[in-house]
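See below for the structure under consideration.
The values are calculated or read from the model by the stated rules, or taken from the named source; none is laboratory data. Note that the structure is a prediction, hence the values are computed from the model and not measured. Here the Cβ is made from the backbone with ideal geometry for all residues, glycine too, and neighbour counts use every protein chain on show. Note: areas computed on protein heavy atoms with side chains; ligands, DNA, RNA excluded. Shrake-Rupley method; radii C 1.70, N 1.55, O 1.52, S 1.80 Å.
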Amino acid sequence: METRGLEPVPDNERTGRVRTLFPTWVGANLTVLLLSVGAGLVVFNGLNLWQVLTVAVLASVIGFGLVGLVSIAGSRGGAPGMALSRAVFGQRGNLLPGALTWVARWGWETVNAVTGTYAVLAVLSLLFGITAGHRLTLVTLLAFVGCSWLVSGLGAGALRVCCTWSAYLFGGVSVLVLVHLIGATDWRSVLGRPAGPPALMIAGVGTLAAGGISWAPSGPDFARYLPRDASGRAMTGAIVGGAGVVYVPMVLMGAVMAVAEPGLAVTRDPVAFIGPLLPDWLSVPYLLFIVAGMVLINAMSMYSAGFTAQTLGFPVPRTWAVGMNAAISLFLAASLMLTAAGFLDSFISFLTLLAVTFSAWIGVFGVDLLRGRTYDPAALLDTTPASAYWYTGGFAVPAVAAWAAGLATGLLFTGVRWFTGPLATTWIGRQGLGWAATIAISAALYAILPRPTGLARGDGGEPGEGAPLHF
């Protein structure tokens, strides 16, 4: 069991290998939700197969390229992402993006728990003909969240081993599903679809990239055991490759399935369609591996959320912080499963808001990293005014201002089920690019605003500045 919390990993314990990031980020994307989003690209966006392929490739490169960039901070500082963020925003200033990130994690874990529970119920229906009622649904949900909490509580080593085995097993079954679809699909209908508008391709890239962007603050959490001199280019390549090897085929599979079953894009239960589309000998193991994949995704999210809770000042060990998140996601998932009417619509709306929320942080944190930030381990953990990262009353004013301006700008361009900004009908808003505007504004403002004062040990030159970042 991993017992380390926010404290940076000493150099003599950083024995990880960059190649382990590949299966880690395969495991982070083993979700049937990619099938639903792929179906939505066909049903709602009107894209053909080649356009869906282009969207999937671009989204994985953009979204997880940003994850790769932020992950470099993990090997450089050896601490979780939101702890390293204290050096950028200040000890108090970091509470603002930290609180939003923690709340966003609740939503992500809720979506994962709902999807995983649906998968378990689908297996029970296929094998035993059991019809799920409220009581069985809640018991299944409790078991799913409990398993996620157990794996997450064990820590980084357990997650790494589970992700590796899950990647191999889920990948093997997915190949069988692809082979079955190749033989069972009416390819004349699939390949004969007309091309959709380029504007809806851009919107599709924005929607899919949002999934990767949502992982960016967690990137350092899984890279902090790597040596300080680990190659940034190799790290980014392993992360993008691990995500892309799942993103592309899963989204394409969803697009192919949607030609025969358009209801996949609108179903309240995103797993329900898999059973009828596949033979029992294939659908049952596939659904079981979906369950395992969703447990891992939830566990990885809880792992990061536990660190975020600690940075917000909760004086509890990491496992207890993870347990807090598990309890919250359990309550929210139960509410969603018993009341939600349209799952995919809610999921897309959630992803859109999530991307804007995290993009404001990415813009500031990314520019700070590219400037050559190094991290003072003692200052990261010192939350008193004596900390080198206290800046002005605990706030790095330029970073906080750039973050707030970027967040406000992104929300102006955002239109979702629950919220519509005044600029949501502009070209940027219609293409779902509020997250891109957020990154651009927050990064540009932080780049031109004066640097905050305060010099931490290990930083050289200007306050908070070290050697330039090289890939």
Boolean, Leu49 is touching a Ser or Thr at 6+ places or on another chain (Cβ under 7 Å) and in contact (Cβ under 8 Å) with a residue 12 or more places away in the chain: no
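A quick yes/no check of all residues on (1) assigned to a helix (DSSP H, G or I); (2) closer than 24 Å to Thr115 by Cβ:
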{"residue": "Ser349", "(1), (2)": "yes, yes"}
{"residue": "Thr352", "(1), (2)": "yes, yes"}
{"residue": "Val356", "(1), (2)": "yes, yes"}
{"residue": "Ile362", "(1), (2)": "yes, no"}
{"residue": "Phe365", "(1), (2)": "yes, no"}
{"residue": "Leu369", "(1), (2)": "yes, no"}
{"residue": "Ala386", "(1), (2)": "no, no"}
{"residue": "Trp390", "(1), (2)": "no, no"}
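For every residue, the table says whether it meets (1) more than 25 Å from Leu287 (Cα to Cα); (2) open to solvent by 30 Å² or more (accessible area, probe 1.4 Å).
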{"residue": "Ala158", "(1), (2)": "no, no"}
{"residue": "Thr164", "(1), (2)": "no, yes"}
{"residue": "Phe170", "(1), (2)": "no, no"}
{"residue": "Val175", "(1), (2)": "no, yes"}
{"residue": "His180", "(1), (2)": "no, yes"}
{"residue": "Arg188", "(1), (2)": "yes, yes"}
{"residue": "Leu191", "(1), (2)": "yes, yes"}
{"residue": "Ala195", "(1), (2)": "yes, yes"}
{"residue": "Pro198", "(1), (2)": "yes, yes"}
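Take Asn29 and decide whether it is outside any helix (DSSP H, G or I) and either of a type in the set (S, T, N, Q) or modelled with pLDDT of 90 or more (or both). So that I can check it myself, show each step before the final result.
On the way: outside any helix (DSSP H, G or I): yes; either of a type in the set (S, T, N, Q) or modelled with pLDDT of 90 or more (or both): yes.
So Asn29 fits the description; yes.
Could you count how many residues in segment 189-232 are in a helix (DSSP H, G or I) and either under 26 Å from Ala360 (Cβ atoms) or touching a Lys or Arg at 6+ places or on another chain (Cβ under 6 Å) (or both)?
Residues of segment 189-232 that are in a helix (DSSP H, G or I), as a first pass: 189-191, 198-213, 216-222, 232.
Still in the running and either under 26 Å from Ala360 (Cβ atoms) or touching a Lys or Arg at 6+ places or on another chain (Cβ under 6 Å) (or both): 199-213, 216-222, 232.
Of the residues in segment 189-232, 23 are in a helix (DSSP H, G or I) and either under 26 Å from Ala360 (Cβ atoms) or touching a Lys or Arg at 6+ places or on another chain (Cβ under 6 Å) (or both).
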Boolean, Leu142 is farther than 12 Å from Val291 by Cβ, open to solvent by 20 Å² or more (accessible area, probe 1.4 Å) and modelled with pLDDT under 80: no
Any chance Arg92 is among the basic types (Lys, Arg), touching a residue at least 40 places away in the same chain (Cβ under 8 Å) and buried (at least 24 other Cβ atoms within 10 Å of the Cβ): no
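Just checking, which of Gly171, Gly183, Gly204 is under 19 Å from the mean Cα position of the chain (by Cα), under 26 Å from Val26 (Cβ atoms) and among the small types (Gly, Ala, Ser)? Give the derivation first.
Numbers: Gly171 fails: under 19 Å from the mean Cα position of the chain (by Cα); Gly183 fails: under 19 Å from the mean Cα position of the chain (by Cα).
Result of the check over Gly171, Gly183, Gly204: Gly204.
Results for (1) in contact with a strand residue (DSSP E or B) (Cβ under 6 Å, 6 or more places away or on another chain); (2) more than 16 Å from Leu287 (Cβ to Cβ); (3) surrounded by fewer than 24 Cβ atoms within 10 Å (Cβ to Cβ); (4) aliphatic (A, V, I, L, M), shown as yes or no for each residue.
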| site | (1), (2), (3), (4) |
| --- | --- |
| Val43 | no, yes, yes, yes |
| Leu53 | no, yes, yes, yes |
| Leu58 | no, yes, yes, yes |
| Val70 | no, yes, no, yes |
| Arg76 | no, yes, no, no |
| Leu100 | no, yes, yes, yes |
| Gly107 | no, yes, yes, no |
Extreme residue, nearest to Val37 (Cα to Cα), among residues of segment 241-272 that are surrounded by 24 or more Cβ atoms within 10 Å (Cβ to Cβ) and modelled with pLDDT under 75: Ala265
Considering residues of segment 309-329 that are part of a helix (DSSP H, G or I) and open to solvent by 50 Å² or more (accessible area, probe 1.4 Å) only, the residue nearest to Leu138 (Cα to Cα): Ala327
